[in-house]
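Read the structure below first, then the notes.
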Amino acid sequence: MVSVMNIHGVALTEADYSRLAESWIDRDLADQALIRRVTGPEAAAIVGRKDNGTMAGIIFPYIWPGDSSVRAYRLRRDHPPLEYGSDGKAREREKYLSAPGQGNRLYIVPGTNPVWLQDQTIPVAITEGEKKAISLYRLSLYGRGLDNPSPRFLPLGIPGVWCWKGTIGKAPGPNGERRDVKGPIPDLNRVNWKGRIVFIVFDHNVYTNTKVAGARKDLSNELTRRGAEVKWVDIPQCLEGRDG
């Protein structure tokens, strides 16, 4: 278990563990990842929102390997509001929330050995969302023993397909105003990509959503520029798990 001071929330409920198990995250791994349950008021304070009765849920702490403090949280709400789309179907809106101004970060499962970030012989698998990263972590070590403790690959999560980019600074505009500068997030600089195989594992909608396809292509170009050998993992729609 990772030792972290002053972490928010309380232990997960049995219902929480059951729902996580549907995403192939067992009890031990959920505890290792320090997933916690929070009340509405506590959740609202964490993500900088008002508690309107829909904020309770579970939180995923972002902890850089080797550190002992939480640098960010992401909230998964139990009952996010519904919104009807142009097709007449109701969909959950803002299911996942982060604090305003928090900035995009890589999600790395707590307990990950920091040495793995620099070991280019260990492939990397980049996926969307914390839960997918955690379930891939389990797969990466499945069947491994003490005689072979290294993972088959290192899973890294991003909150959304474009979240490998973000605001990285400020620059003066033509009229002297300060403008945001967008670019690859600084966390990418903390991983050794040179000579490393990287699998990009996005959802099946990469075939139907041009924005998702564009994000995969641009991320591939960025990592190739950093010296990685990028491969795409195509997931058949019938094999996709629940996202919630």
> Do the conditions hold for Ile134, that is, is it assigned to a strand (DSSP E or B) and either of a type outside the set (Gly, Ala, Ser) or within 17 Å of Val191 (Cβ to Cβ) (or both)?
Replying inline: no
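For every residue, the table says whether it meets (1) in a helix (DSSP H, G or I); (2) of a type in the set (S, T, N, Q); (3) assigned by TED's automatic domain parsing to the domain that holds Gly111.
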site	(1), (2), (3)
Val4	no, no, no
His8	no, no, no
Ser23	no, yes, no
Leu29	yes, no, no
Met55	no, no, no
Ile59	no, no, no
> So which strands (runs of 3 or more DSSP E) are wholly in the range 150-194 and hold at least 3 residues that are more than 21 Å from Arg225 (Cβ to Cβ)?
Replying inline: 165-172, 178-184
> So which residues in the range 1-28 are of a type in the set (A, V, I, L, M), over 21 Å from Arg71 (Cβ atoms) and surrounded by 14 or more Cβ atoms within 10 Å (Cβ to Cβ), if there are any at all?
Replying inline: Leu12, Leu20, Ile25
> Condition test on Arg74, is it touching a residue at least 60 places away in the same chain (Cβ under 8 Å) and either part of a strand (DSSP E or B) or in the same structural domain as Leu188 (by TED's automatic domain parsing) (or both)?
Replying inline: yes
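The values are calculated or read from the model by the stated rules, or taken from the named source; none is laboratory data. Everything numeric in this text was worked out from a predicted model, so none of it was measured. All Cβ positions, glycine included, derive from the backbone under ideal geometry; neighbour counts span all protein chains shown.
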